[in-house]
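Structure first, then comments.
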Amino acid sequence: MDNVIVTGASRGIGLAIALRAARDGANVVIAAKTSEPHPKLPGTIHETAHEVEAAGGRALAVMVDIRDEAQIAAAVDQAVARFGGIDILVNNASAISLTRTLETPLRRFDLMMAINARGTFACCQACLPHLRKAENPHILMLAPPLNLNPKWFRHHTAYTVSKYAMSLYVIGLSAEFAASGVAVNALWPRTVIGTAALVMLGGMVEPEQTRRPEIVADAAHAILTGDSRTVTGNFFIDEDILAEAGVTDYSAYAVSPGGELVGDLFLD
């Protein structure tokens, strides 16, 4: 890994992916909104930058709201100026609201579409000119495999549509940029991951029923160190990727080893 941009890297899965890259000595751009401590959420871009450097990487903390294309462009420009290019884009930033149609305010609908659908596209668009110049360029979406079972729509149609937009980009961009050698893949966890987003599940899942974000980070590392010209257009599940790498025991990733785990959304 060389120059990596991770959106939403101030906490959770984004933070774990940034730290895993740092252990390889990567240059990591922490692109997230939280520059000052949040009253309800852990982590800031500056705290992540400190952790990245302590883990062996070089860090660039940039406050970015991916709804704002000017902020995205500025972050990309800073990344290229500091590190000389972009090799990897991890689209982790996301908004969630597991609400039924009549209980989904349009402002929340707009937020999910602006971040998950539009923001992800905007990040890809801004990074692709630089990725096409890289030796082993990757885009990784934290997005689910496309599953049209109605049960994944009926309780939260708006959220599902917004996340599936990210999934559809994998199909489109992997085909569009195959000739340029840019890999575009998706990664999704087999089980619910213990992050701040748990509060959005309304108590349906307890922390003891989840895995730590490191399982997703290790799976992401396996994908992003692969050959971009042969590994593209895939919808990977974290367990499956790690199994291919020879991992057979996932107990170390459990928040509560031995506890009963809850499967994540969109996986039958």
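None of the figures in this text is laboratory data; all of them are computed from the coordinates on show. This structure is a prediction, so every number in the text was calculated from the model and none was measured. Quick reminder, even Gly has a Cβ in these numbers, built from the backbone with ideal geometry, and neighbours come from all protein chains shown.
Some values worked out for this structure:
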item	result
Formal net charge of residues neighbouring residue 150 (Cβ-Cβ distance under 14 Å; K, R +1; D, E -1)	+2
Within the chain: Cβ-based charge dipole about Cα centre, in debye rounded to nearest 20 (Lys, Arg +1; Asp, Glu -1)	700 debye
Computed over segment 137-218: relative contact order in percent, which uses C-alpha pairs under 8 Å that are six or more apart	34 percent
Charge sum, other residues only, whose C-beta stays under 12 Å from residue 71's C-beta, Lys/Arg counted +1 and Asp/Glu -1	-2
Globularity ratio of segment 223-268, using Cα Rg and 2.2 N^0.38 Å	1.42
Peptides 220-233, 102-115 ordered by average Cβ neighbours within 10 Å, highest first	220-233, 102-115
Pairwise Lys count, the chain - Cα closer than 29 Å, eight or more residues apart or different chains	5
Extension gain, residue 161 back to residue 78 (0.36 nm per residue minus Cα-Cα distance, nm)	26.7 nm
Extension reserve of the residue 206-residue 240 stretch, reckoned as 0.36 nm per residue once the Cα distance is removed	9.8 nm
The chain: calculated mean residue ellipticity at 222 nm from DSSP helix runs of at least 4, using -39500 (n - 2.57)	-10500 deg cm²/dmol
Given charges at Cβ of Lys, Arg, Asp, Glu: the chain dipole, positive-most of 136, 18, 63	63
Cα-based shape type of segment 1-91, given that a ≥ b ≥ c are square roots of the gyration tensor eigenvalues and the cut on a/c is 1.5	oblate
Whole-number D in µm²/s for the chain (Stokes-Einstein; Kirkwood sum over Cα pairs; 10 °C, 1.306 mPa s)	86 µm²/s
